[in-house]
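Visitor: Here it is: the structure, laid out below.
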Amino acid sequence: MTQLDTTLWQTIDTLVEQIPFTKAKVESVLMTQLAEKDASRRAIPNTAFEFYVGGPIGLLDGIVIGNVDLRIRREPGHPGFLVLNQFSGACISLATVRAHYGNLKMTDYPRGRSAYETAAFSAILPWGKLSFGFLERNLGCLEGISFAPHLMEAGGTTK
């Protein structure tokens, strides 16, 4: 397991500075190697995206990121989509997330089909959407974070 000397909140801020995401940028911030792997679980290989996975990664505040999932569309201007999930170790509550990102909106909720469904709370930021997921089976502790940056136009500006 890779051990970083940053907190979850510092890691988020540093990753945001790397948008648009690339494999090299994410590896540099998380100090780990990402392996190319289609994590979409589809029977037919997905040729639209490059998939990279890695983990686990320990953070200074006792959180362990069990899985890193980076997806980059194979077309110009795609900024990448990054998920850090399967959190363990220290428990981060929704109140703690709200202390860092006060203007959260509920963007997804469990529908009763599985204990692994998530309640998601998202912050809409200038660069895109930052979402915090809480599993239905453990709504008290943060399970993962996703970074969904806006698409990029030619010249590097967001759409």
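The values are calculated or read from the model by the stated rules, or taken from the named source; none is laboratory data. Given the structure is predicted, the values throughout are model-derived calculations rather than measurements. When we count neighbours, we look across all protein chains shown, and the Cβ atoms used for this are built from the backbone with ideal geometry, even at glycine.
Visitor: What are the residues in the range 59-70 that are out of contact with any Leu (no Cβ under 8 Å at 6 or more places or on another chain) and either crowded, with 19+ Cβ neighbours inside 10 Å or in a loop (DSSP other than H, G, I, E, B) (or both), if any?
Guide: Correct list: 62, 66.
Visitor: Could you give every pair whose Cβ atoms fall below 7 Å, whose first residue belongs to the range 86-97 and is over 10 Å from residue 66 (Cα atoms), and whose second residue is in a helix (DSSP H, G or I) and not aromatic (Phe, Trp, Tyr), counting only separations of at least 6 or pairs across chains?
Guide: Within 7 Å, the pairs are 92/8.
Visitor: Give me the residue from the range 109-133 that is over 25 Å from residue 18 (Cβ atoms) and either in contact with a helix residue (DSSP H, G or I) (Cβ under 8 Å, 6 or more places away or on another chain) or not basic (Lys, Arg) (or both) and, out of that set, modelled with the lowest pLDDT.
Guide: 115
Visitor: Within the range 125-149, take every residue that is part of a strand (DSSP E or B) and of a type in the set (Gly, Ala, Ser) and give me the one that is farthest from the chain's Cα centre (by Cα).
Guide: Within the range 125-149, the match that is farthest from the chain's Cα centre (by Cα) is 128.
Visitor: Right, another one. Does at least one position in the range 74-81 carry a residue that is in contact with a strand residue (DSSP E or B) (Cβ under 6 Å, 6 or more places away or on another chain) and farther than 24 Å from residue 23 by Cα?
Guide: no
Visitor: Looking at residue 121 and the list (1) free of Cβ contacts under 8 Å to residues at least 12 places away in the same chain; (2) of a type outside the set (Asp, Glu); (3) not in a loop (DSSP other than H, G, I, E, B), which single condition is not satisfied?
Guide: (1)
Visitor: Limited to the range 71-80, what total is found for residues that are surrounded by fewer than 17 Cβ atoms within 10 Å (Cβ to Cβ) and at positive phi?
Guide: 1
Listed here are the residues, each with its yes/no results for (1) at pLDDT 95 or above; (2) part of a loop (DSSP other than H, G, I, E, B); (3) in contact with a helix residue (DSSP H, G or I) (Cβ under 7 Å, 6 or more places away or on another chain); (4) within 23 Å of residue 92 (Cα to Cα).
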residue	(1), (2), (3), (4)
9	yes, no, yes, yes
12	yes, no, no, yes
19	yes, yes, no, no
38	no, yes, no, no
42	no, yes, no, no
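Visitor: Is it the case, given these coordinates, that residue 29 is surrounded by 11 or more Cβ atoms within 10 Å (Cβ to Cβ), free of Cβ contacts under 8 Å to residues at least 40 places away in the same chain and of a type in the set (Val, Ile, Thr)?
Guide: It is true that residue 29 is surrounded by 11 or more Cβ atoms within 10 Å (Cβ to Cβ), free of Cβ contacts under 8 Å to residues at least 40 places away in the same chain and of a type in the set (Val, Ile, Thr).
Visitor: Can you name every residue in the range 81-117 that is exposed (fewer than 14 other Cβ atoms within 10 Å of the Cβ) and of a type in the set (A, V, I, L, M, F, W, C)?
Guide: 91, 95, 99, 106, 115
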